[in-house]
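A short worksheet on the structure shown next.
Only the coordinates and a few stated rules stand behind these numbers; no lab work does. Everything numeric here is computed off the predicted structure, so don't read it as measured data. Cβ atoms come from the backbone with ideal geometry, glycine included; neighbour counts cover every protein chain shown.
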Amino acid sequence: MAKIRRQNTAPELALRQALFARGIRFRLHQRKLPGSPDIVLPAARMVVFVHGCFWHRHLGCSKTTSPKNNAAFWEEKFKANVTRDKKFVRALRKLGWRVFTVWECQTQTNLVRAVNRIETAYLTTRLQRRQRARD
Ligand SMILES: [Zn+2]
């Protein structure tokens with residue numbers, strides 16, 4: 001439980017597989033970037049976090065339950081996680097990265113939509129970069 005940002009989780013693997021199948025190439029867990037994003041697409045300067053709904057508090061999600069025992073302890077812990085996530089997003093944006101979050105539940109129920117969103121942004125950005133290079 002000490003290490004909240006577990007790597008190579010099932011949701012993460014599902015998303016990676018789907019992106020790879022679309023011909024999108026990426027790197028994994030770039031430790032030199034804030035928050036060590038799960039998926040990094042350098043060609044489009046995009047990063048993707050795959051978040052567990054419980055730990056990262058997916059709002060309105062049925063997986064985002066709150067333990068009844070030690071409620072105050074958990075609230076503190078959850079708050080710290082959310083604050084940390086926000087801090088990483090801000091730091092990444094400052095460095096010029098676009099940040100995407102895919103929730104665990106989305107990889108189970110709506111993976112295609114999550115992949116479409118990332119693919120569209122990826123292709124658009126690459127196209128713009130190529131055009132800019134040509135001008
Ligand atoms: Zn969720």
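Partner aspartates and glutamates whose Cα lies under 18 Å from the Cα of Lys94, excluding those fewer than 8 positions away in the same chain, are identified as Asp85. Note on the stretch 58-135: Cα-only Rg and Dmax are 17.7, 61 Å.
Given Cα pairs under 8 Å that are at least 6 residues apart, what percent is the relative contact order of the chain?
27
For Lys63, a cut-off of 18 angstrom between C-alpha atoms picks up these lysines, skipping any fewer than 8 places away in its own chain: Lys77, Lys79.
For the stretch 10-24, the residues whose amide N sits under 15 Å from a probe point set 7 Å from the Cα of Ala121 along the beta carbon direction are 16, 19. Extending 7 Å from the Cα toward the beta-carbon at both Gln30 and Asn70 defines two label points whose distance is 3.6 nm.
For Lys68, the aspartates and glutamates whose Cα falls under 17 Å of its own Cα, not counting residues fewer than eight places away in the same chain, are Glu76. Between Leu111 and Leu13, the modelled labels are 1.1 nm apart [label points 7 Å from Cα along Cα→Cβ].
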